[in-house]
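Have a look at the structure below before the remarks.
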Amino acid sequence: MSNKIFVGIDTSNYTTSCAIANGNGEILHNFKLLLPVKEGERGLRQSDAVFAHIKNLKVIANMIRDNCKNGEILAIGYSAFPRDVQGSYMPCFLTGEAVAQMLSAFCEAEIYSFSHQAGHIRAAIYSSGAELKESFISFHVSGGTTEVLKVMLDSNGYYKIEQIGGSIDLHAGQAIDRIGVNMGLSFPCGKEMERFAMNFAGKIPNYQICVNNFECNLSGLENIAIKLYRESNDKALVSAFVIDFLGKTLEKITQNLRNEYKLLPIVYAGGVMSNSIIQDRLKNKFKDVYFATPEFSTDNASGIALLTREKYINSKK
């Protein structure tokens with residue numbers, strides 16, 4: 001299957017993404033175009049996101065054309081909804097579905113749909129090098145989701161995802177972006193906040209996290225951090241505080257998971273988990289934990305391309 005390729009398309013509320021995988025399960029290309037967000041804004045309305053995707057997808061289409069000339073597209077996959085639960089829906093994913101449907105018809109290729117969340121998990125497994133043959137735990141921590149998931153693999157290797165915990169109010173990425181925009185940082189604020197935090201050498205104020213088994217509250221973080229910035233006007237201090245708060249929260253939940261699911265490996269997916277400070281904290285504390293590389297942590301279509309390949313192969317058995 002050296003010249004056989006599989007295309008993945010993902011149209012989240014942050015990024016227009018397309019990835020191409022070969023028959024051996026290697027990602028050949030991972031294209032990403034951020035959706036434009038005006039200065040001072042904390043994201044896009046769905047109508048604006050749909051419009052931005054339509055403009056970006058014209059560029060993505062040319063990328064697909066230029067990089068698929070020497071290969072045969074066997075299947076196209078796309079993110080159809082945010083999560084693997086009934087009623088999960090977001091209009092921006094309709095743009096990716098439309099392009100995938102047209103591409104499938106033109107190429108006479110198979111077409112499959114997946115959740116955005118499943119794509120994140122698969123991308124994290126791929127880039128971390130983890131070889132997971134059975135059940136595992138996954139964190140999906142981003143601007144739109146902060147969830148703890150138990151993932152089971154069926155006989156065909158498909159994911160069965162069950163939420164067992166997560167934030168009951170604000171998502172981690174939401175907190176980062178709301179606090180970052182309040183300090184004048186550019187949306188999305190995670191990378192800039194990480195740079196500020198890495199340059200902070202002072203003492204972080206004392207605070208209490210709120211964790212109950214596998215669940216947490218994060219709305220208090222926003223209030224405390226904004227008050228801290230008003231009092232200090234110190235971006236490095238506040239950035240370090242926010243990342244430390246989130247790191248300590250994830251560490252506590254992970255410890256609770258280890259107490260109950262002692263033997264299950266843990267995979268951390270989603271844009272927030274690209275933070276090197278949080279990663280180092282968890283790696284130093286726990287064994288058998290896996291993280292996506294930064295390229296595959298943020299929104300991307302690589303996991304969708306890989307899931308598409310695997311579903312196609314299993315359908316031919």
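Every number here is computed from the coordinates shown, using simple stated rules; none is lab data. Please read all numbers here as calculations on a predicted model, not as lab measurements. Heads up, the Cβs are rebuilt from the backbone with ideal geometry, glycines too, and the neighbour counts pull from every protein chain shown.
Below are the figures for this structure:
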quantity: Counted residues, region 202-236 - those being part of a loop (DSSP other than H, G, I, E, B) and more than 24 Å from LYS252 (Cα to Cα); calculated: 2
quantity: Counted residues, region 81-101 - those being out of contact with any helix residue (DSSP H, G or I) (no Cβ under 9 Å at 6 or more places or on another chain) and part of a helix (DSSP H, G or I); calculated: 3
quantity: Residue list for region 35-80, restricted to those being surrounded by 15 or more Cβ atoms within 10 Å (Cβ to Cβ), among the charged types (D, E, K, R) and over 14 Å from PHE187 (Cα atoms); calculated: ASP48
quantity: Residue match in region 223-239 (condition: farther than 29 Å from GLY40 by Cβ, free of Cβ contacts under 8 Å to residues at least 24 places away in the same chain and surrounded by fewer than 16 Cβ atoms within 10 Å (Cβ to Cβ)); calculated: no
quantity: Within region 157-201, tally of residues that are touching a Leu at 6+ places or on another chain (Cβ under 6 Å), outside any loop (DSSP other than H, G, I, E, B) and of a type in the set (A, V, I, L, M); calculated: 3
quantity: Residue tally, condition free of Cβ contacts under 8 Å to residues at least 60 places away in the same chain and in a loop (DSSP other than H, G, I, E, B), over region 282-317; calculated: 5
quantity: Failed item in (1) out of contact with any strand residue (DSSP E or B) (no Cβ under 7 Å at 6 or more places or on another chain); (2) crowded, with 16+ Cβ neighbours inside 10 Å, with CYS216 passing the rest; calculated: (1)
